[in-house]
Amino acid sequence: MNIRQATKQDCTQIAPLMYQAIHDIAYTLTGSTNTDEVLERLAMWVEKPKNRLSHENIWVADVEGEVAGMIISYRGDEAEALDRPIREWLTAHGSKVELDVETEGFVQYIDSLAVLEAYGGRGIGTKLIEQICTVAAERGVPAVTLNVDQDNQAAHRLYTRLGFHKEKEIMISGSRFDYMKKETRSTPFSV
């Protein structure tokens with residue numbers, strides 16, 4: 001397995017993973033509830049530069065040429081600018097949906113994480129999170145943050161085990177999430 005920066009060419013493999021990770025939020029970000037259309041539009045955003053879903057903000061777990069997992073991450077203080085092209089596209093295509101503020105400030109935000117079911121239980125998710133923590137430390141960003149759906153107890157346990165702690169609760173696309181944080185100078189992972 002190789003953890004690497006995503007490329008435009010990965011878009012069709014990343015889109016289904018992204019959809020798996022963000023569920024209803026994918027409808028908000030694409031202005032559609034038609035699965036084929038949602039996947040097509042997610043792939044479009046992966047290909048385009050300078051937006052929250054761009055390949056520029058995605059790392060993948062590559063297993064012999066197959067994208068087995070992906071993680072989207074960007075700086076919190078860049079979130080507004082990264083959402084702007086999506087917001088403008090949605091408005092131009094007749095959507096009146098507002099994008100929720102998921103993060104802010106000088107943090108490395110993990111937007112979403114997904115691993116193909118066939119590759120589950122192999123530590124791929126942990127390796128992808130480790131990659132983002134390494135990126136944050138190398139860039140001098142003091143903390144990594146993420147949101148976890150309060151109904152997703154398995155993910156909550158994983159993030160807690162990896163050193164994240166709950167900062168606050170927020171609402172995203174009508175669901176309650178715990179906003180969690182891990183200092184980049186904290187103890188390394190033990191897997």
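Each reported figure results from applying straightforward, stated rules to the coordinates on display, with no laboratory input. In this text, all values refer to a predicted model and were calculated from it rather than measured experimentally. Using ideal geometry, Cβ is built from the backbone for each residue, glycine included, and neighbour counts are taken over all protein chains shown.
Values for this structure:
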{"read-out": "Other-chain or far-sequence residues with amide H under 5 Å of residue 109's (modelled H)", "value": "74, 75, 76, 145"}
{"read-out": "Gyration tensor (alpha-carbon) shape descriptor, region 1-90, a/c threshold 1.5", "value": "oblate"}
{"read-out": "For region 15-158, share of DSSP beta bridges that run antiparallel, in % to the nearest 5", "value": "80"}
{"read-out": "Net dipole in debye of the chain [+1 Lys, Arg Cβ; -1 Asp, Glu Cβ; about Cα centre; nearest 20]", "value": "480"}
{"read-out": "Rounded, prolate or oblate (a/c below 1.5 giving rounded, otherwise prolate when a/b exceeds b/c) for region 1-43 by Cα gyration tensor", "value": "prolate"}
{"read-out": "Region 112-168 shape via C-alpha gyration tensor axes, a/c threshold 1.5", "value": "oblate"}
{"read-out": "Neighbour cut-off at most 13 other Cβ (10 Å), DSSP loop, GluC sites (Glu not before Pro), region 34-88", "value": "64"}
{"read-out": "Computed FRET value (nearest 0.05) for residue 40 with residue 158, which takes r as the C-beta separation and R₀ as 30 Å", "value": "0.50"}
{"read-out": "Highest-fluctuation residue, 118, 43, 155 considered, GNM on the chain with Cα pairs under 10 Å", "value": "118"}
{"read-out": "Net length gained if the chain between residue 91 and residue 9 were fully extended (0.36 nm per residue, minus Cα distance)", "value": "26.8 nm"}
{"read-out": "Estimated [θ] at 222 nm from DSSP helical runs (n ≥ 4, -39500 (n - 2.57)) normalised by residues in the chain, nearest 500", "value": "-11500 deg cm²/dmol"}
{"read-out": "Lysines whose Cα lies under 19 Å from that of residue 182, excluding same-chain neighbours fewer than 8 positions away", "value": "127, 166, 168"}
{"read-out": "Choice from 156, 93, 55 showing the highest fluctuation, given a GNM over the chain with Cα pairs closer than 10 Å", "value": "93"}
{"read-out": "Among 38, 144, 97: highest mean-square fluctuation, GNM of the chain, C-alpha pairs under 10 Å", "value": "97"}
{"read-out": "Mean Cα-pair separation over length for the chain, i.e. relative contact order, pairs under 8 Å, 6 or more apart, %", "value": "19"}
